[in-house]
1. Read phi for every residue in segment A:151-157 and hand back ³J(HN,Hα) as whole Hz from Karplus 6.51 cos²θ - 1.76 cosθ + 1.60, θ = phi - 60°, with x for Gly and Pro.
2. Using Cβ contacts closer than 10 Å as the measure, can you line up A:T466, A:T341 from fewest to most?
3. Filter A:K245/B:K49; A:K228/B:K49; A:K245/A:K356 down to the pairs with a C-alpha to C-alpha distance above 28 Å, please.
4. Mean Kyte-Doolittle hydropathy of -0.5 or higher plus an axial Cα length of 30 Å or more: which whole DSSP H helices in chain A meet both?
5. What is the ratio of the Cα radius of gyration of the protein assembly as shown to 2.2 N^0.38 Å, with N the residue count, to two decimals?
6. State the three equivalent ellipsoid semi-axes of segment A:244-346, derived from the C-alpha gyration tensor as the square roots of 5 times its eigenvalues, in descending order and whole Å.
7. In percent, how large is the relative contact order of chain A, given Cα pairs closer than 8 Å and 6 or more residues apart?
8. About the Cα centre of chain A, what is the dipole size in debye to 20, counting +1 per Lys and Arg Cβ and -1 per Asp and Glu Cβ, all else neutral?
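Readers should treat all values here as calculations from the given coordinates under stated rules, not as data from a laboratory. Values in this document were obtained by computation on a predicted structure and should not be read as measured data. Cβ placement follows ideal geometry from the backbone for every residue including glycine, while neighbour counts extend to all protein chains displayed.
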Amino acid sequence: MNYHSRKLLKLNLAPWRMATVAALLLTGFGVVAGRAFYLQGLNTDYLQGKGNAVANRNLTLPAHRGMVLDRNGQLLAISTPVESLWARAQELKLSPQQHAQLAKVLDISPQELSRQFKRRSRGEFSVRRPVTPEQAVKIAAMGAPGLVLRREYRRYYPAGEVAAHVVGFTNVDDLGQEGVERAYQDWLAGRAGERQVMRDRKGNAIRDLAPIKTAQMGGNLALSLDLKIQYLAHRELAAAIDKHKAKGGSVVVLDAKTGEILALANQPHFNPNNRRNYEPGPMRNRAVIDTFEPGSTIKPFVAAAVLERGLYRPDSVIDTPETWRVGNKLVRDVHPHPQMTVTEIIQKSSNVGSVKMAMTLSPQQYWETLHRSGFGQRPGSGFPGETAGRLRDPATWRPVEHATLAYGYGMSVSLLQLARAYMAFANDGEVMPLSFLRREPQEVIGERVFSPAVAREVRSMMEAVTQEGGTGTRTRVPGYRVAGKTGTAHKLVDGRYAPDRYLSSFIGMAPASDPRLIIGVVIDEPSGAVYYGGSVAGPVFAQVMSGSLRQLGLPPDAPETATKVTQDSTRAGGGA
Amino acid sequence: MSRINFILAMVLIGSALGLVQSQHQARSYFVELERLKKEALALDEQWGKLQLEQGTWANPARVDLLARTQLGLITPPHERIRVETLSDTP
């Protein structure tokens, strides 16, 4: 086409005008192109970043802490989400009505709420953690700007104070502070995951931008505890502490065949769900952490040591005068008999007899028996803060110390350690490793401490303790044969033995024909009229034992006639 | 020649529509997956709460109290228990 040849299309324009328009248009294009180049080419990283910031999100995938269960799957500790109320200082704008409403929901005065809000002028701060589900719904419905509900995990202990000393507790940051919660922190803790997503306008995730790091939930933990036996131990101990106005006490229940700790209760106790009144005293797991002088409960080990070396037989007769002098120390019996067999020495808890037997051993020999039984060493339960007790080097023993060690003074043990050592008598000479975790019986390998013959002989001596004439007649369990040993030790107060402060203890096992359970009981400073181990700790033992045997469905091993127990066949036996 | 161009164009359009369709499907499946994940999390949390509730109701202290006071249950005295031994061999 030829524009110039058509009349209509002929432009009568001055060339400068065309040039101007063309220049303007070109400049316009140039500006647009330049701008596009600037945005797309030079500034792209910044802008892409801004865009991603709007659409893309890094999400943390929450991982909660594992549950703690008892051996039958009963819940002991669980983490469950709760809402907590936070405020963003800068965005916080509440109308007076909203302010009043929020104060009412939180159950505080409006003035108190204002004070809380004024605490910080920048950033985020928590107003209430946690809020109840009902409060959360009400707060969310208010839709007030600057108020944020955050989801957090909180640890609950449905068994409360009953299993508190074993399970322990966590702090605000979900770190185990005491007990199993602390010992198995790494296993229980979850590891939070992360994912990068692109979100749409409504905030829904529409695409994964990077491989997801999956959250690792904390592992669950099945403890060796049996909550029913645990409750029984807790209840009976609390009742005994109350009855005898004692300062404290502990109960340990062991499975003699597997070394599992079926129950462990302490008094005083605490409630792990409510720790506002923080007091370290009641939180201490006394049975594992505290030590005491074992007193007469050590005598079966003296008997085992002399039987093992063939120095005595269970029916060997020993002269037992009322008092016996070793160095400048006068050993005294509470219920003296001129002559006793080894069995009777254990049965009546004779100090003189025990000392005479122990003095036939060299210090090295006696120490060796005690050491082999686990005294002076950590019992190996894995519990945080577990004590080793104290057993001195035999090279440093003076004769007086050798003598007092024969009735349990001059050394210290924890209740768990003592109960563990008694496993040797219950289990035909073998001690199983202790465990707070449930385990299968076939996976444990025991440690031989005594020969089966010696263990059985000492066990039948301890059975005599619970029979007529023994110190532990109040420890009987109808239908079952029971073996055990009483202990009543003077407490060491300011370096002297207090004449009127005692630790009463009883360690026993049943059914004596083939013991399945070992129960250790210690009561700290019973302040009533009775203080002998057989009368204070003994009944607690009997109650817990009978309930536990029934719980485990163990068949009675005593003939019906021999188990008739009259209400007052109780003679408070001697035994210091 | 123009025929084959036409067919190719059709195929191209078809596959483009298919792409749109599958992209859309992927999106909606992803949304569905997200929803189900959220639901799973919520159910998990609810299960935890129910566990806690069950643990609280089944608390031995509570069961003990109810059995003694409301139901009037007692531990039978020893004389009233008879032990039967079941032998496997006839």
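1. For segment A:151-157, the Karplus-derived couplings read 8, 9, 9, 10, 8, 10, 10 Hz, x marking Gly and Pro.
2. Details: A:T466 29, A:T341 18.
Lowest count first: A:T341, A:T466.
3. Working: A:K245/B:K49 39 Å; A:K228/B:K49 22 Å; A:K245/A:K356 36 Å.
Table pairs above 28 Å Cα-Cα are A:K245/B:K49; A:K245/A:K356.
4. Values: long enough: A:15-37 (32 Å, 1.15).
Counting only whole DSSP H runs, the qualifying helices are A:15-37.
5. On the way: Rg = 38.7 Å, N = 666, 2.2 N^0.38 = 26.0 Å.
It is 1.49.
6. Numbers: eigenvalues 316, 75, 25 Å².
Three semi-axes, in Å: 40, 19, 11.
7. Numbers: 1210 pairs, mean separation 77.0, N = 576.
It rounds to 13 percent for chain A.
8. Numbers: 72 positive and 52 negative charges, 777 e Å.
Approximately 3740 debye in magnitude.
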